[in-house]
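The structure under discussion appears below in the form of structure tokens.
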Amino acid sequence: MSDAIDIDQLLNEMACATQAYCKASAYDNPLMIGIQRGGAWIAKRLHQTLKLADPLGELNIAFYRDDFSTLGLHPEVNPSKLPADINNRHIILVDDVLFTGRTIRAAMNEIFDYGRPASITLVVMIDRCGRELPIQADIIGKTITLNEGEHVKLSGPEPLTLSIDNVKGTGTQTTG
Amino acid sequence: MRIHIKGGRLFDPVNKLDAKQDLFIAEDKIVGIKKKPDGFDSDLQINAKDKLVLPGLVDLCARLREPGLEHKGTIQTESFAANSSGITSICCPPDTDPVIDTPAVIELIHQRSRDAGRTNIYPLGALTQNLNSEQLAEMHILKQAGCIGVSNAYNSIDNAEVLRRAFEYAHSCDLTVFLYAEDNALKNNGVAHEGALSTRLGLPAIPESAETVAISRALLLAEQTNVRLHFCRLSTARGVQLIKAAQKQNLPVTADVAICNLLLTEMDIADYNSDCHLQPPLRSERDRTGLIAGINDGTITAICSDHQPHDADAKATPFSLTESGASTIEHLLPLTMHLVNRKELKLEKAISLLTSQAANILSIEKGTLETGKDADICILDIDASTSVSKDNLLSAGKNSPFNGWELQGSVSHTLLNGKVVFDRSKLK
Amino acid sequence: MTGNIIQLDNNGNLKHFLSTEGLSQSLLLNILDHAESFASVGERHVKKVPLLRGKTIANLFFEPSTRTRTTFELAAKRLSADILNLNISTSATSKGETLSDTLHTLEAMHCDMFVVRHANSGAAHYIATQVAPHISVINAGDGRHAHPTQAMLDMFTIRRHKQSFENLRVAIVGDILHSRVARSEIHALNTLGVLETRVIAPHTLIPKGVEDLGVHVYHDMDAGLEGVDVVMMLRLQKERMRGALLPSEQEYFQRYGLTDERLALAKPDAIVMHPGPINRGVEIDSGVADGERSVILQQVSHGIAVRMAVMAMTMGRSNDDMGGSK
């Protein structure tokens, strides 16, 4: 990845795209939910820009991950917060990076334990390819491909920073 | 067989013998010390260079588990383990199954002991029938059959009147009463010493007073009845003080202590280690040093193993449900030497408490190195070390609280009645 | 002492939960934090998370208990685990089957966790030394020694009401001698850094050397309650009257019962706690138990979240950073 990413610009583009998508699909009064932690930070910005009516929801997918047996519980804890009733709501699910698709799988399972939504629209900032499950985003900020051993990470909440690290820890950073 | 023990340091405190001298044995007796008897031709020579040659040890209390508890050990296995610590005479308490309250049981034990041929066994007879604390046992008949004393084992006699009459009767038979002093009610089903540790672990506790109250009561009754009274397995410093005062009054009272209470304290049960579940319980450091002081000032005149081998199931359960007792007989001497090495006891004192003084309490003629006496000998290599390992114990009981300890001193040979019953070099 | 060495795995993560003693402040706070997450599960449409799906948890209750067993059962179910309830009466063990044999039989049924309640101190600790390496043991109460989940749900309750442990004075009132709850509370409170822990009881109910646990001992209830922020009442068992420890319930209530009058000696915002079940009119006045300062009912509901937290933490190995793939 050679050119710097302007996060503010990306967020604006994503907000516009989301608004257009909802209008085209006739999604009235959507409910936004951000996946902790990165997705929640991005959702907060989008939520502000789009001036959504309902408060922002946050999802901690810790209890729905498929790697509990090997990794256990993450020591840092932040409970999920969702408005009481998601039945029949159009949900905009927001995450920072879409990679294998396992996080989204877990997030959807958790959402369905809260109720039955009318629809779920997936918005991600970065699609880094490498899917292991049949899951795709509806709105993508930027699609990138990485070299072996590289990871992309969003840091925040202020300022929001995207960086690419490889396994050995040396990284290049871009801010927005 | 004629045996010549060469070049060893003969050590017999009661005879003030501490010298590099040879020892000569013929048949079952010692026939010469220092000077070879005329015409003596040895069949066997044992090189005791750099080793201590001691009288065979007298263990004042060890449970050999026969009859009745053979799944925990037998006279064969346990007397062999005893030999490996230089022990040639063992006194065993009457709480076998059946109890030693008939001559038949005594005869059985004597027979088994002869068959094993490793140690002299001196059984104590029951003080009350079946140890029921109600009716007197046939102490005279038991004495005729070979008992050297009477005891109620761990069964405390709560009824003071019964205790008084038992003392009187034993006295009339000229028998020493071996008493484990514990007040049952104060003991209150406890399993650990009452203190900060039992509180932390939540274990039912045995206060110091369970021992001291029982000692006081027994002393007063001993005074009244003139019985020869021996207190078994003291555990409290306060208890030592009470007995010391009674001895000052010239009451015929003696006392012993188990080796575990001299080396371990309540801290050793910290991880609910059931190998340290003992009766009496391991008490505080203050009690431990009080017991050592009691030895050094002559109040306590014997150290015993209090050997209680157990099967694995007996200890494989939460602490308070385990059976109490430790398997210690094969390490009695190295453990005592540990106290000598730590300078808590002098060598003469330590050895005398394991030999002549223990024998005195039992009123047997053992525990000395004298021409004409039985050739019961223990040869101790002070420079060799003993590693205690639960899995490698000779005893059938693997419940040793000293697992992992490195001890100085290892018995190389043990002789009983002039016959070599233990030779460490021949151990597999 | 007992506890931390066997409770933690090689990475310092909780493997068994046997005692609050010997665990670090951060670990105890971690349990409380996880419990907060799990608390909200009960308020959702689907009161379950799939975290322990496919795992089997065995409730090994050697001592009967409906309340505690039910809470553990609920906690397990909310984590989607399967639960086996085994009430092992003493007659089973008197048939000659050793504890070891019982455990091995259960292991053969592929249980992943044992929740153990036993009448003897050290039982959970003993069981933890005997089970296969992958199995976790949770102590639901052993003799007089420990009841760590009760202590943690009480800490959870205190934190919800007082936010911080730092400046708190806590008084534990009642049969300290026989109480596993008291011992676990004391360790937890001191580790979490309260200002002062007090025990209030007649001499006959105070175990020897209890000061060593880090408490101030009071025999006068009025003096002991002065200025406290939390009053924890312990249940008085009827057997104590028969065992020459106390003359009567009436006398006990007169000297140590929590009444409105006595509660007024504590801070005006002091909370009243009790592990239950309550003996009304013996250790606590009905009015106080049902009054506005009492948090007793909340304690019960917190018990599920705390037990879920402990089960989840011991069954998985925690990581330092969020691994796994997105």
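For C:S179, neighbours were defined as the other residues whose beta-carbon sits under 10 Å from its Cβ, and their charges (Lys and Arg +1, Asp and Glu -1) total +2. In plain terms, the residue of B:H110, C:H187, B:H4, C:H134 with the fewest other Cβ atoms within 10 Å comes first and the most crowded comes last, giving C:H134, B:H110, B:H4, C:H187. Separation of region A:1-72 and region B:330-351, taken as the distance between their Cα centroids, equals 77 angstrom. A protection proxy built from the mean count of other Cβ atoms within 10 Å ranks the segments B:280-289, B:391-400, A:128-137, most packed first, as B:280-289, B:391-400, A:128-137. Most mobile of C:V115, C:V41, C:V228 per a Gaussian network model of chain C (Cα springs, under 10 Å)? Sorting by GNM fluctuation, first place goes to C:V41. Listed by chain and number, the aspartates and glutamates whose alpha-carbon sits under 12 Å from that of B:K34, ignoring those within fewer than 8 places in the same chain, are B:D18, B:D22, B:E370.
Cross-link partners of C:K267 among lysines, defined as those whose alpha carbon lies under 16 angstrom from its own and excluding same-chain residues fewer than eight positions apart: C:K162. For the residues of C:144-153, the average number of beta carbons from a partner chain within 10 Å of their own beta carbon is 2. Is the shape of the protein assembly as shown best called rounded, prolate or oblate, per the rule: a/c under 1.5 gives rounded, else a/b larger than b/c gives prolate, else oblate, with a ≥ b ≥ c the square roots of the Cα gyration tensor eigenvalues? Note, shape of the protein assembly as shown comes out prolate. Answer rounded, prolate or oblate for region B:55-362, using the Cα gyration tensor with square roots of eigenvalues a ≥ b ≥ c: rounded when a/c is under 1.5, else prolate when a/b is larger than b/c, else oblate. The shape class here is rounded.
Roughly what angle does helix B:103-116 make with the longest principal axis of chain B, taking Cα atoms, 0 to 90 degrees, to the nearest 10? Orientation of helix B:103-116: about 40 degrees from the principal axis. Rounded to the nearest 20, the Cβ-based charge dipole of the protein assembly as shown about its Cα centre (Lys and Arg +1, Asp and Glu -1) stands at 500 debye. Going by alpha carbons, how many degrees (0 to 90, nearest 10) lie between the helix axis of B:332-341 and the longest principal axis of chain B? Once rounded, one gets 90 degrees. Residues C:K47, B:K72 in ascending order of nearby Cβ atoms (within 10 Å, fewest first): C:K47, B:K72. In terms of surrounding Cβ atoms within a 10 Å radius of their Cβ, A:C22, B:C260 rank from fewest to most as A:C22, B:C260. Considering only B:L179, B:L333, B:L203, the Gaussian network model of chain B with Cα springs below 10 Å gives its largest mean-square fluctuation to B:L203. Helix B:285-296 and the longest principal axis of the C-alpha atoms of chain B enclose an angle of approximately 50°. Separation of the alpha carbons by more than 26 angstrom is noted, of A:K23/A:K51; B:K349/B:K373; B:K398/C:K55; B:K315/B:K343; B:K398/B:K419; B:K187/B:K248, for B:K398/C:K55; B:K315/B:K343; B:K398/B:K419; B:K187/B:K248.
Take each residue in C:40-53, count the other chain C-beta atoms within 10 Å of its C-beta, and the mean is 4.
The mean sequence separation of alpha-carbon pairs under 8 Å and at least six residues apart, normalised by the residue count of region B:58-152, gives a relative contact order of 28 percent. For chain C, the relative contact order works out to 20 percent when only alpha carbon pairs closer than 8 Å and six or more residues apart are counted.
What the Cα atoms of chain A give is an Rg and a Dmax of 15.9, 47 Å.
Taking all Cα pairs closer than 8 Å and separated by 6 or more residues, the relative contact order of chain B comes to 20 percent. Screening chain C for DSSP H helices whose Cα atoms reach 24 Å or more along their own axis and whose mean Kyte hydropathy is at least 0.0 gives C:296-315.
Taken together, the values in this text are just the output of simple stated rules run on the coordinates, not laboratory data. Every value quoted in this text rests on a predicted model; they were computed, and no experiment measured them. No Cβ is skipped: glycine too gets one built from the backbone with ideal geometry, and neighbour counts run over all protein chains shown.
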